[in-house]
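Down below is the structure, laid out as structure tokens.
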Amino acid sequence: MGELELRIAVRGEKSVAVHQFHRGALRILRPHYLDDSGQVCYVVVNPGGAYLGADLYVIDVEVADGARLLLTTQAATKIYRTPDSFAEQRMRLRLGEGSQLELAPDQLIAYRGASYRQNTHITLHPTSSLAISEVITPGWSPDGASFRYDELRLRTEIRVESGGRSGLLALDNLLIRPPTHDVTGMGFMEGFSHMGSLIVVDRRVNQALADELHVLTGGLEAYTGVSLTATVDGISGLVLRSLSNSTEELNRLLGACSALLRQRWHGTAPLDLRKY
């Protein structure tokens, strides 16, 4: 069991944590700032090193009005065998007026016999800016074959709240069950083993941006598609999903998209988290 609470607000010219709480197998490292933009970066740590059967991790993050947060992980999230029950992560993210959140964890690795559920619920203001990137990869198995995990279920719900009203912007539900379906085949993983995703919500999202990101990813060794969400209270989102056989290639692809958005919208340099 692990619990983590983090609330970010503006103090002076910087975003700082005004509330922190952790219990069990979740921690955060001390804050640091990658540039002079005032955006604070926090790193989530799991001292146990991996998720196991019946583990439950609950993360609650609030980015207050005008605050800016970059949240990442210290290392890959590893899901080991879960013979008795699935491992689960529940994450709630709340973004205030004019706030910015970048969620950029290292890759999720599902090993043989792993079953994992991830539920992410996001509420944001029509003036918020959100970018979430994620890479999923199958872990090593003794026979050298991919897709030996049992199930991955990743559900992301995004709602826009303003003036007491709440509207559903997007619901992304990804379910992969290798024992039941041929996930390597046409219409699913198309022969690839790794999957990358980028979810962006911002008032500046439009078809032109979706087309630009599609062109940007075209020169990489990956198969990519981009879809737009509905528009709620003047704010829209896009979902980019990419297939590849390499974590590094997907990180390169998602990094290129992130760099474009960071420079154009926020005037900041590409991410360089220097973890390794």
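The values are calculated or read from the model by the stated rules, or taken from the named source; none is laboratory data. Bear in mind the structure is a predicted one, so any value in this text is a computation, not a measurement. Here Cβ is always computed from backbone atoms with ideal geometry, including for glycine, and neighbour counts include all displayed protein chains. These area figures cover heavy atoms from the full protein model, side chains too; ligands, DNA and RNA do not enter into them. Shrake-Rupley method; radii C 1.70, N 1.55, O 1.52, S 1.80 Å.
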Number of the exception - Ile132 against (1) at pLDDT 95 or above; (2) within 27 Å of Asp150 (Cβ to Cβ); (3) open to solvent by 30 Å² or more (accessible area, probe 1.4 Å) = (3)
task = Determine, yes or no, whether Asp150 is of a type in the set (D, E, K, R) and free of Cβ contacts under 8 Å to residues at least 12 places away in the same chain.
result = no
key: Members of the stretch 256-270 found to be open to solvent by 20 Å² or more (accessible area, probe 1.4 Å) and more than 16 Å from the chain's Cα centre (by Cα), listed by number   = Leu260, Gln263, Arg264, Trp265, His266, Gly267, Ala269, Pro270
request  = Please specify each residue of the stretch 29-58 satisfying the condition of being of a type in the set (A, V, I, L, M, F, W, C) and farther than 30 Å from Asp150 by Cα.
outcome  = Leu29, Leu34, Val40, Cys41
request  = Go through the stretch 79-105 residue by residue and tally those that are open to solvent by less than 30 Å² (accessible area, probe 1.4 Å) and part of a strand (DSSP E or B).
outcome  = 12
ask   = If Ile8 passes every condition in (1) β-branched (Val, Ile, Thr); (2) surrounded by fewer than 18 Cβ atoms within 10 Å (Cβ to Cβ); (3) in contact (Cβ under 8 Å) with a residue 60 or more places away in the chain but one, which one does it miss?
value = (2)
query = Of Gln118, Gln107, which residue is in contact with a Leu (Cβ under 6 Å, 6 or more places away or on another chain) and closer than 14 Å to Thr77 by Cα?
reply = Gln118
Residue check for Leu250: under 24 Å from Phe192 (Cβ atoms), under 19 Å from the mean Cα position of the chain (by Cα), aliphatic (A, V, I, L, M) and not in a helix (DSSP H, G or I) = no
request  = State which residue is least open to solvent (accessible area, probe 1.4 Å) when the search covers only the stretch 23-73 and only residues that are among the small types (Gly, Ala, Ser) and under 30 Å from Ser85 (Cβ atoms).
outcome  = Ala50
ask   = Restricting attention to the stretch 106-117, and to residues there that are crowded, with 20+ Cβ neighbours inside 10 Å and part of a strand (DSSP E or B), which single residue is nearest to the chain's Cα centre (by Cα)?
value = Leu108
request  = State yes or no: is Thr184 β-branched (Val, Ile, Thr), touching a residue at least 24 places away in the same chain (Cβ under 8 Å) and within 23 Å of Ala256 (Cα to Cα)?
outcome  = no
key: Which numbered condition Leu238 misses (of (1) hydrophobic (A, V, I, L, M, F, W, C); (2) closer than 20 Å to Leu103 by Cβ; (3) free of Cβ contacts under 8 Å to residues at least 24 places away in the same chain)   = (3)
remark   = In the set Leu175, Leu171, Leu273, Leu253, the lone residue that is within 25 Å of Tyr116 (Cβ to Cβ) and open to solvent by less than 30 Å² (accessible area, probe 1.4 Å) is Leu253
task = Quick one: Arg203 ticks every box in (1) under 18 Å from Leu152 (Cβ atoms); (2) at pLDDT 95 or above; (3) among the charged types (D, E, K, R) except a single one, so which number is it?
result = (1)
query = Within the stretch 193-218, can you find the residues that are closer than 16 Å to Leu169 by Cβ and surrounded by fewer than 16 Cβ atoms within 10 Å (Cβ to Cβ)?
reply = Arg203, Arg204, Asn206
ask   = Looking at Leu152, is it open to solvent by less than 10 Å² (accessible area, probe 1.4 Å) and either modelled with pLDDT of 95 or more or touching a Leu at 6+ places or on another chain (Cβ under 9 Å) (or both)?
value = yes
